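Let me begin by presenting the structure, written as structure tokens, before commenting on it.
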Amino acid sequence: MATVKVSMPTGPTVSPLPFPPPAPPKRADARRNYELLLAAAEVEFATRGVDVPLDDIAVRAGVGNATLYRHFPTRRALIEAVHRERIEAIGVRADDALAGEAPADVALATWLSELVAEGSTAHGLTAALTAALYEDDADVSWCRRLVEDAATRLLVRAQRAGTVRSDVRTTDVLRLVNALAVVTERCPADDRQADILLTVVMDGLRPARVGRAGVGALGGAAAEEPPPGP
């Protein structure tokens with residue numbers, strides 16, 4: 001069975017985002033506090049995890065609790081702000097995949113592999129995506145809108161091409177891939193794990209006739225499977 005190679009591409013094409021994140025404050029003092037909080041949060045998330053008390057982040061930043069909550073009313077908002085550039089890049093890479101010449105299912109698989117790689121290597125990004133995917137519909141964040149939009153465009157194109165099952169929803173795909181990112185983040189020593197698990201996901205997303213054709217996750221011929229054991 002061929003596997004998807006999870007990679008971290010660089011230099012994505014810049015394009016307008018369909019769901020831009022909240023703009024940072026314009027006032028100089030407010031902007032300074034905002035940036036101090038982001039820097040402190042990035043350090044705390046990397047060293048202690050995303051469940052670190054928010055009060056500790058405020059202390060490290062040298063600002064009061066009220067200032068922190070004025071800029072970031074929720075933990076999720078702070079996590080998303082810390083990873084703003086990475087989340088924006090996820091949307092841009094979807095544009096690049098759609099503009100490329102790869103088959104629709106290969107473009108989807110490549111983008112999903114990049115999503116897993118981002119989530120499993122950036123401290124707190126998986127948590128942000130998890131919160132976004134399971135949050136209340138009444139409070140849908142820019143992060144969820146951006147990722148869902150990107151995934152939907154790639155998924156629908158693959159479904160129209162007949163290379164992905166028509167009964168699969170965007171949320172189904174994103175929740176599966178988010179689970180892979182969680183596993184990969186917690187078991188970083190196994191560098192083949194994400195590739196293998198994502199290949200299994202893509203095999204399940206393809207219609208049976210595509211799977212029987214022996215097409216691997218990135219469109220290459222699937223490796224010959226050994227016979228089942230006794």
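The values are calculated or read from the model by the stated rules, or taken from the named source; none is laboratory data. These numbers were taken from a predicted model, which means no experiment stands behind them. Neighbour counts are summed over all protein chains in view; Cβ atoms, including those assigned to glycine, are modelled from backbone coordinates with ideal geometry.
Here are a few things to note about the model shown:
- Summed over the range 24-42, the residues that are touching a Lys or Arg at 6+ places or on another chain (Cβ under 7 Å) and under 30 Å from GLU185 (Cα atoms) give a count of 2.
- Annotation: HIS71 fulfils all but one of (1) surrounded by 14 or more Cβ atoms within 10 Å (Cβ to Cβ); (2) modelled with pLDDT of 85 or more; (3) out of contact with any Phe, Trp or Tyr (no Cβ under 6 Å at 6 or more places or on another chain); (4) outside the structural domain of ARG206 (by TED's automatic domain parsing); the unmet one is (3).
- Residue within the range 117-126 that is assigned to a loop (DSSP other than H, G, I, E, B), of a type in the set (A, V, I, L, M) and modelled with pLDDT of 85 or more present: no
Residues checked against (1) at pLDDT below 70; (2) in contact with a Leu (Cβ under 6 Å, 6 or more places away or on another chain):
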{"position": "VAL6", "(1), (2)": "yes, no"}
{"position": "PRO9", "(1), (2)": "yes, no"}
{"position": "PHE19", "(1), (2)": "yes, yes"}
{"position": "ASN33", "(1), (2)": "no, no"}
{"position": "GLU42", "(1), (2)": "no, no"}
{"position": "ALA58", "(1), (2)": "no, yes"}
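- Helices (runs of 4 or more DSSP H) wholly inside the range 160-230 containing at least 2 residues that are touching a Ser or Thr at 6+ places or on another chain (Cβ under 8 Å) and either of a type in the set (Ser, Thr, Tyr) or at pLDDT below 85 (or both): 170-186, 193-205
- Residue check: LEU108 meets all listed conditions (1) at pLDDT 90 or above; (2) more than 20 Å from THR199 (Cα to Cα) but one, namely (2).
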